[in-house]
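What follows is a single structure, written as structure tokens, with notes after it.
The values are calculated or read from the model by the stated rules, or taken from the named source; none is laboratory data. Bear in mind that the values here come from a model prediction, so they are computed numbers and not experimental data. Don't worry about glycine lacking a Cβ; one is built from the backbone with ideal geometry, like all the others, and counts go over all protein chains shown.
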């Protein structure tokens, strides 16, 4: 099997940027889902108060009218550019309030110059930054209602449920501490428990030293915790070309399923059977030079919603057979007991830490390193049904 396509989504729910090579990080491809849009909701009581609501393509199909492109930094002082192009529906002119259908955004804004705001996605909170009127007004003119462009900056979100590899292999705290103490090369840490016992000057001192030790191990664990950006549930989404072909075969002759409607990061070609990825546990991808080939750990299914039915050209729900893809998949793809009313397509994936910074290219070979015999069960509080 090989990597056939790679996609980055610099702004959540807008069209992707197609890339031929991407830098892998434990939080997704570099620059993936670092921005998102929030709809401004004004109070009905006339008080003038407002709240911000997360925008997702399933509820705001007009988001598909925005195309993205990335101009990567060429020097250390160059922050790069994110270019957004608005394509009005064929039957509608561009809004009169819009001076240009093209917007340039710094790829790496300085958060210190921006106002922070709280964002909660699927019960997982984080702090983001309001990009300001220059960008908010442009998007608002395109949408026809007020929106805010938010930038994640250096922040991240917790992976809830058991999707994160560390949570699937969770060990008791004392066992984690014991393994860390006995790990080669950490001699001074082995001495700490001895110091705690030997320092029996008084109970207070012992408690203080013990608290420091536990705090150290807690912070070390936090550093290695799986985190995500504005992606829904995991840093990567992997799909198979063979499975896309299966969906295309359900459409009228001459029609093909647009693979980008599945919002993948990595598309794999060469799978022998449709949906065999349901049982992939790990994929070996790319080449890490002296570090060896890293693995993508596939921990859960991606359960699907009505976003599959959107007509990307009109920014509205599709009509005819292409507007009924979700219903077609309902017939035989409701295979996850954790989300029994939703069809499954694709797998959520996490990168092994040793793969940080390695490049993945279109054409790279992919090998199934681990394969399960049981279906995984989707588990994210508030998202299961």
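Could you please tell me which pairs satisfy a Cβ distance under 7 Å, a separation of 6+ or placement on different chains, a first residue in the range 324-349 that is part of a strand (DSSP E or B), and a second residue that is surrounded by fewer than 17 Cβ atoms within 10 Å (Cβ to Cβ)?
Filtered contacts from the range 324-349: 344/335.
For residues that are in contact (Cβ under 8 Å) with a residue 12 or more places away in the chain and either assigned to a helix (DSSP H, G or I) or surrounded by fewer than 16 Cβ atoms within 10 Å (Cβ to Cβ) (or both), tally how many sit in the range 306-319.
6
Return the residues of the range 6-41 that are free of Cβ contacts under 8 Å to residues at least 24 places away in the same chain and within 23 Å of residue 62 (Cα to Cα); say none if nothing qualifies.
Listed by number, the residues that qualify are 18, 41.
As an exercise: evaluate residue 290 against (1) out of contact with any helix residue (DSSP H, G or I) (no Cβ under 9 Å at 6 or more places or on another chain); (2) at pLDDT below 95; (3) part of a loop (DSSP other than H, G, I, E, B) and give the number of the one condition it does not meet.
(3)
Any idea which of 376, 359 is over 17 Å from the mean Cα position of the chain (by Cα) and not assigned by TED's automatic domain parsing to the domain that holds residue 266?
376
How about the range 12-119: which strands (runs of 3 or more DSSP E) wholly inside it have at least 3 residues that are farther than 20 Å from residue 236 by Cβ?
By residue number, 35-42, 50-54, 66-71, 81-86, 102-106.
On the basis of being free of Cβ contacts under 8 Å to residues at least 24 places away in the same chain, more than 17 Å from residue 68 (Cα to Cα) and within 21 Å of the chain's Cα centre (by Cα), does residue 118 make the cut?
Yes: the conditions hold for residue 118.
Within the set of pairs 6+ apart or on separate chains, which have a first residue in the range 139-167 that is surrounded by fewer than 22 Cβ atoms within 10 Å (Cβ to Cβ), a second that is modelled with pLDDT of 95 or more and part of a helix (DSSP H, G or I), and C-beta atoms under 6 Å apart?
Correct list of pairs: 146/140; 153/111.
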